[in-house]
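The values are calculated or read from the model by the stated rules, or taken from the named source; none is laboratory data. Nothing here was measured: the structure is a model prediction, and the numbers come from that model. Accessible surface is based on the protein model in full, side chains and every heavy atom, while ligands, DNA and RNA are left aside. Shrake-Rupley method; radii C 1.70, N 1.55, O 1.52, S 1.80 Å.
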Amino acid sequence: MRKSIVLLALAVVACTVAASAGASRHAGTFKYCTDPTFPPMELAGANGKIAGFDVDMARELALTWGANAIALKTGFDGLIPALNAKRCDAVISGIFITPDRLKQAKAVAYMHSHRVLIVQAGNPKHITSPASLKGLNVAVQGGTKYEEYLKNLKAKIGFSLQSYPGDTDAVAQVLLGRADAVLTQDTSFVFQSGKHPGKLAIGYTFAQSDAFGVYYRPGDALGKQIADGIRQLRSTGKLTKLAVRYKIPVGDVK
């Protein structure tokens, strides 16, 4: 009898240890910094809830190693600094992989997109190239590589440049007639043209593509989990399904 009790106790302990080990492997949170001002990648609803392609992708990505994804609202300029200050585990915010950012953090690509010049429907100012912006009013989201590009272009050909906190704010200037063009991405155009049918058009699509990346701290073991997770989402078609859901060109996630 005593032997049976001892064996039963040992079995309970073994189960408890196994459960604890499983919990340590699968439980936990994946906190990522994001600036919800760039639909359809991320946007904040009237109730403050953050949604979008990146939010769904982050959730699926975290699930590949059994974690729960939590979005932390962060200003675009502060995304990489917040990551390096360990306020979040990663950055997922429709942010490009660039040489200067790679000096501060590591990144895994998950989508490619093309930059475009969005204009009013009918393209009344006949904007068909960057050179066409000469003497016009151009809008852009501040703190982005697009803003940096336009500042350099402005110095060469001359035009009025207006920077705004969010991409939607910049596109709104074209809709209101306060700007002749906005430099953004094809993903943004798909979203904005759906919200404002018949009012917007693409004046020019740049030949080169840009890569969105999930940024993480150098040397962080999480980097391998992110890379493996992105490969899994791509191979299982989950990235493609998300692209279809958000009307993003499927080729962007291939």
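Assorted remarks:
- The alpha-carbon of K86 sits under 24 angstrom from the alpha-carbons of these lysines, leaving out residues fewer than 8 places away in its chain: K31, K49, K73, K103, K106, K145, K224.
- Across the accessible surface of the chain, with the other protein chains kept in place and a 1.4 Å probe, carbon and sulfur atoms take up 58 percent.
- Aspartates and glutamates with Cα under 16 Å of K154, excluding same-chain neighbours fewer than 8 positions away: D180
- Solvent-accessible surface of the chain, taken per residue with a 1.4 Å probe and all protein chains present: 49 Å².
- Structure-derived Cα Rg over 2.2 N^0.38 Å - corresponding label in [x] 1.25; [y] 0.97; [z] 1.13: [x]
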